[in-house]
Amino acid sequence: MIESLLVANRGEIARRIIRTARRLGIRAIAVHSEADADLPFVTEADEAVCVGPANPAQSYRNVEAILAAAKSTGAQAIHPGYGFLSENADFARTVEASGLVWIGPGADAITAMGDKINARNLMAAAGVPVAPGTTDPAADLDAAVAAAAEIGYPVMVKAAAGGGGMGMGVATDEAALRTEYDKVRSFAERMFGDGSVLIERYFPRVRHVEVQILGLADGRVVALGERECSVQRRNQKLVEESPSPAVSPELRERILAAAVRAGEAVEYRNAGTVECLLDPATQEFFFLEMNTRLQVEHPVTELVYGVDLVEEQLRVAAGLAPTFDPDALAPRGHAIELRINAEDPKRFLPGPGVIKTWVEPTGEGVRVDSGYVEGNTVTPFYDSLMAKLIVDGATRAEAIERARAAVAAFDLAGPKNNLPFFAELLENEEFLSGDYDTGIVSRMR
C-alpha cells in the first residue's frame with residue numbers, strides 16, 4: 001500500500017478521501033485554493049499546500065501547481081476525486097510520467113469514454129445496448145436536422161465531450177433543434193474546447209439507472225449493484241438510492257452483465273460508473289455514458305455492499321486484491337443519498353453565504369459526508385454541494401423513515417439550502433411508490 005496520498009480536490013470528497021487514507025495509516029496531503037483555506041479538509045489533512053486563488057483554473061485545475069505540491073510534500077500518489085481534473089486523460093498521463101501513482105483508470109480508458117460518440121460506438125461493438133443516435137458528430141446544422149429526421153423526434157442534443165448533465169438540450173421538432181444545436185455547440189466549445197455534437201433519441205419518460213463497477217488489479221471487472229438516480233433538476237442528480245426500485249432480479253442480471261462488458265471493452269481498472277437510461281414501460285435499457293472516476297453518489301453502494309470504495313481504489317492502484325470476495329458480492333438492505341446544496345428549494349438557484357448554524361443529524365443508519373462546518377463560508381466559486389446525507393435501513397421504507405427524521409434534524413442556517421425540498425419529496429406519493437422517473441421534480445414544481 002502507498003504511504004502518502006495527495007488529494008487533488010476540495011470540500012466533502014477531499015474530506016471523505018482523507019478520512020479513509022488516515023484510517024489506513026496513509027499520510028494525507030491536501031491542496032487548496034486561497035478561498036478554501038479554512039475548510040475542514042484542509043485542517044484535517046496531515047499536510048496542506050495552497051495552490052492558487054479561488055478561480056479553479058488557477059488552483060484545482062492548475063496541473064503545474066498540483067504536481068509541484070506533490071513533489072514538495074513527497075506524495076507517492078494522487079487521488080483526483082470527482083470533477084476538476086478527475087477525467088482529464090492528459091493529467092493522468094502526466095501524473096504517471098512524473099513517477100506518481102494515479103488513483104483512477106488508465107488514461108486510455110478515460111480518453112475512450114470521454115468522447116460520447118466514441119463511447120457509444122465502443123459499447124455497441126461490445127454488445128452493450130445503446131439508444132438510437134449518430135455514430136459520428138453532426139458536423140453542421142443540416143447534418144443534425146437529417147439525423148433527427150432519421151432517428152425521430154424528440155431528440156437529445158448533447159455535447160460529445162460533455163458530462164455531469166452539462167451541455168444537453170431537448171428538441172421536439174426541427175425549429176427547436178435549430179435553436180438547441182447552436183446553443184449546445186456554443187456551450188461545448190466554451191466549456192470543453194470541443195464543439196462536437198451528438199444527436200440521439202430522447203425518451204420523455206425514462207429512469208436514470210447506473211452501475212458501480214470496479215476494475216480489479218488482476219484484470220477482472222466486477223459490478224457492485226445499481227443506483228437509481230432519477231430525482232434530478234436540470235439533468236443533475238439530487239437523490240440516489242440503491243438498489244433501484246425499478247429493477248427486477250432479471251433486469252438486474254442483464255444490466256450488471258452489460259456494465260461488466262462495458263468495463264472489459266476498455267480494460268477498465270479502478271472505480272467507474274456505467275450510466276444507463278431505463279424505459280420503465282418496456283424494461284429496455286440503453287448505455288448513456290461511463291464516468292471514469294469515483295461518483296458523488298458512491299456512499300449508497302458502500303452501505304449496501306459493506307465496502308469502502310476509496311480503500312478499494314487505493315488497493316487496485318497498489319496492485320492489491322480487494323477486501324471482499326468478488327465471487328460472493330451480495331447487497332444488504334437499502335440506502336438513500338440526499339445532496340444538500342446551497343441553493344433555494346424552489347428554483348434551485350445558488351445561494352452561497354456564511355454558515356451560521358450547522359448541526360448534522362445522527363443516529364442509527366445515518367451518515368453525513370460534509371465539506372463544511374459552522375462558521376465556514378460557501379463561496380460562489382465552486383459547486384453548491386455542501387454535504388451528502390446518506391441513510392440506510394433493512395428496507396426502502398425504513399430508509400425513507402430515517403431520511404425523514406434526519407432531514408428534520410439537520411439544523412442548517414446561513415446559505416440557502418434544499419432541505420425543505422427533501423422534506424417535501426420524502427412525503428411525495430410518486431417517490432414513495434418507487435414508480436417515478438426523471439420528470440418527478442418538474443411535476444413537483
Quiz item: When the stretch 21-48 is examined, which residues are found to be in a helix (DSSP H, G or I) and in contact with a Pro (Cβ under 9 Å, 6 or more places away or on another chain)?
Solution: 34, 35
Exercise. Would you point out which residue out of 331, 345 is in contact with a Gly (Cβ under 6 Å, 6 or more places away or on another chain) and in a loop (DSSP other than H, G, I, E, B)?
Key: 331
Quiz item: Are any residues in the stretch 412-431 touching a helix residue (DSSP H, G or I) at 6+ places or on another chain (Cβ under 7 Å) and more than 30 Å from residue 377 (Cα to Cα), and if so, which ones?
Solution: 428, 430, 431
Exercise. Can you tell me which residue within the stretch 267-286, out of those that are touching a helix residue (DSSP H, G or I) at 6+ places or on another chain (Cβ under 8 Å) and polar (S, T, N, Q), is surrounded by the fewest Cβ atoms within 10 Å (Cβ to Cβ)?
Key: 283
Quiz prompt | Within the stretch 49-71, considering residues that are polar (S, T, N, Q) and outside any helix (DSSP H, G or I), the one farthest from residue 377 (Cα to Cα) | solution = 62
Practice problem: Can you work out which of the residues in the stretch 186-202 that are surrounded by 20 or more Cβ atoms within 10 Å (Cβ to Cβ) and within 24 Å of residue 438 (Cα to Cα) is nearest to the chain's Cα centre (by Cα)? | Solution: 188
Exercise. Could you list, in sequence order, all residues of the stretch 419-430 that are part of a loop (DSSP other than H, G, I, E, B) and either free of Cβ contacts under 8 Å to residues at least 24 places away in the same chain or touching a Phe, Trp or Tyr at 6+ places or on another chain (Cβ under 7 Å) (or both)?
Key: 427, 428
Exercise. Identify the residue in the stretch 348-365 that is outside any strand (DSSP E or B) and among the small types (Gly, Ala, Ser) and, among all such residues, is farthest from residue 401 (Cα to Cα).
Key: 351
Quiz item: Can you pull out the residues in the stretch 205-258 that are surrounded by fewer than 19 Cβ atoms within 10 Å (Cβ to Cβ) and closer than 18 Å to residue 131 by Cα?
Solution: 205, 235, 251, 254, 257
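Here, each number is a calculation from the coordinates, and none is a lab measurement. What you see is a predicted model, and the numbers here were worked out from it, not measured in a lab. Please note: Cβ atoms are built from the backbone with ideal geometry, for glycine as well, and neighbour counts cover all protein chains shown.
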